[in-house]
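Bear in mind that the values in this text are calculations on the coordinates, not laboratory data. Just so you know, these numbers come straight off a predicted model, no measurement behind them. Note that each Cβ is placed from the backbone with ideal geometry, even for glycine, and that neighbours are counted across all protein chains shown.
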Amino acid sequence: MAMKALDRQLAQLEAWRYRFGQHESARVVKLLQHLDAAHFTDPASLIRFHETLLFLRAFPHGRFVVGITERLLNKFHNKVEALHKSGINLNAFEPIEVSGIAGTEMEDTLSLDVARWLIKRMPGKVEIAWENYEPGRELGTTGPRFIPLLEDDAYVEADTPWRRWLEAAGGKKHANPVWLVRRFEQLPLPAQQKAELYESLRVPLRWNLKNSAISRTRNWKPARKVYYHREPLISRSQVSLAAELARPPVQLTKLSQKQGGEIMDLIREVMLVRYRELYGTTLGDPASVVRADLGGHEAGRGVSIYLWNLPPDRRLPLRAYAAGLTLKNGVPINYIEAIGLCEWMEVGFNTFYTFRGGEAGWIYAQVLRCLCHLMGTTCISVYPYQLGHDNEEAIESGAFWFYRKLGFRPGRAELQELAEREEAKIAADPKYRTPARTLRRLASGHVFYELPGSERGAWDTFSARNIGLRVNRRMAQEFQGDSDRLRRESVRSVARILGMDTSRLTAPERASFENFAMLLALVPGLQSWKRDEKDALVRIIRSKSNADEMLYLHLTQRHDRFREALLKVGS
């Protein structure tokens, strides 16, 4: 097929993915059949075809569209391999926007948890990319833990042959990283310290996806019941966030440990092929996974939302954490992160590039419905990066206006005034577009959405970072920078005020109490709190290591004095 004809058919397919009607399904199927038979000679065209196939699998016109897109995606690696065999450079498949296509190769520096998981999921197929790796002092100081006599070379020689040492110790003269990862697993250290040491080496790993189900091409799951689109997709302008959040709470179904483990595997696959690692997607607790029921097949439009928490030993010191994943007809379309205290929640929501034309506003509203129900949230905050701060992709997409049109307001008065001036310009001239420099200013602060009954503006200047910085300034001023002294003195003084016997705490409860003691030592008048307020505070602290972290979050929502103290210290 001539390039012009191929380009024309691809353009038609890209346009028809948004057209729905009585005959559109048959037209899409016919065009897919033509393109399946086409000979692709350049990566750009093949990538366009791939992304449209994935979109159609997630937002299908009918069952025949589902059938043909699945068939084409399952054999898509053949088209990529044909390009490779013809000598065509495949670098176009490497950018993060399109990475993870079947038949391509990937290379990344992974955390210990993900490296261990990947090696298990793709046995014998992961290697160290030696041509892009030249370790130095970091391996010289870490390696002697499991490479005998390495220090005799590494400590004094300038030309230590690192690869030879690793291959000699591993017993195999190839680039298999299994031995190295297992050595870190077996170190007699806490999990976090093992991860710190391994990740300090920054070992680049490489793997070929071939036709793996881990690839973005095949990383979809069969849907119990597919939702077919017969009418135009829901646009952002049709979404009322207030109306969606006022609907009855979603039903959250707790999954079994096995089912939760399958979701954890899925989210790691989803993130791996997009060169992303998120704290909660790497370390999610399979025992905590819940699935949201959006209200039946038609109401849910084929959307499944999964949410989970962190295991007790990997939680944040003060805030509660939830992460999540959305499937559309079994296709992963976004990931979710939410961090909260009391009734406040800071949320991150990232729709994958392929699906940004597909009902993102409506799906975001459903995600917020689920999170507000799970976490008890009435004040939603979006951090500046999501809006475009140090994030040019969000600036180019006008992310600030996505949130603004849903009803979010800037937390800083000068940014609220700037947003209102821009809205006036847009109203006066429909062709006006906010300049990038103005979008960057608008993205320099948080935006907020308060549900009915929430105290407007209460959390506008709060940040957990403020608490951490105040604790560290106290450490510098009163304890000469000695963190152990700070912890000991904070635990001693706060335990005395609360009337606690810390010797009766479990190890996780003790760790939680140490973190909270450093915060509570900054609270003026803590000793004057009533006995029931102190007892409730102790329950909050002990619940941080509970199997369900949401219990902790919900307890913070019932303690007005604690909330007041948090806002004073963190604002």
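Taking each of Lys79/Lys210; Lys120/Lys328; Lys30/Lys225 in turn, the alpha-carbon distance tops 20 angstrom for Lys120/Lys328; Lys30/Lys225.
The residues neighbouring Met550, those whose beta-carbon lies less than 14 Å from its own, together hold a net charge of +1 under the Lys/Arg +1, Asp/Glu -1 convention.
The three principal axes of the C-alpha atoms in the range 70-184 carry coordinate ranges of 56, 27, 26 Å, sorted with the longest axis first.
Sorting Lys544, Lys75 on the 10 Å Cβ count, fewest up front, what's the list?
Working: Lys544 25, Lys75 13.
Sorted ascending by nearby Cβ count, the order is Lys75, Lys544.
Taking 17 Å as the straight-line reach from the Cα of Lys425, the lysines in range (excluding those fewer than 8 positions away in the same chain) are Lys405. As a rough guide to protection, the peptides 331-343, 422-434, 384-396 ranked by mean Cβ packing within 10 Å, highest first, stand as 331-343, 384-396, 422-434. Dividing the mean sequence gap of close Cα pairs (under 8 Å, 6+ apart) by how many residues the range 105-208 holds gives a relative contact order of 53 percent.
Using the Cβ of Ala15 as centre and a radius below 15 Å, the other residues enclosed give a net charge of +2, where K and R count +1 and D and E count -1.
Once the mean 1/r over all distinct Cα pairs of the chain is inverted, what Kirkwood radius in angstroms do you read off? For the chain, inverting the mean 1/r across all distinct Cα pairs yields 26.6 Å. Note on Lys431: aspartates and glutamates with a C-alpha under 13 Å away, same-chain residues under 8 apart excluded, are Glu422, Glu423.
Normalising the average separation of contacting C-alpha pairs (under 8 angstrom, six or more residues apart) by the number of residues puts the relative contact order of the range 464-570 at 29 percent.
Within straight-line reach of Lys544, meaning a Cα separation under 28 Å, sit the following lysines at least 8 residues removed in sequence or on another chain: Lys194, Lys254, Lys258, Lys530, Lys534, Lys568. With +1 on each Lys and Arg Cβ and -1 on each Asp and Glu Cβ, and nothing else charged, work out how big the dipole of the range 105-208 is about its Cα centre, in Debye to the nearest 20. My answer is approximately 560 debye.
Packing, as the average of other Cβ atoms within 10 Å across residues, places the peptides 467-476, 405-414 in the order 405-414, 467-476, highest first.
Measuring between their Cα centroids, the range 381-445 and the range 177-198 lie 44 Å from each other. In loop segments of the range 155-195 as defined by DSSP, the trypsin sites (Lys or Arg not before Pro) with at most 14 further C-beta atoms inside 10 Å of their C-beta are Lys172, Lys173.
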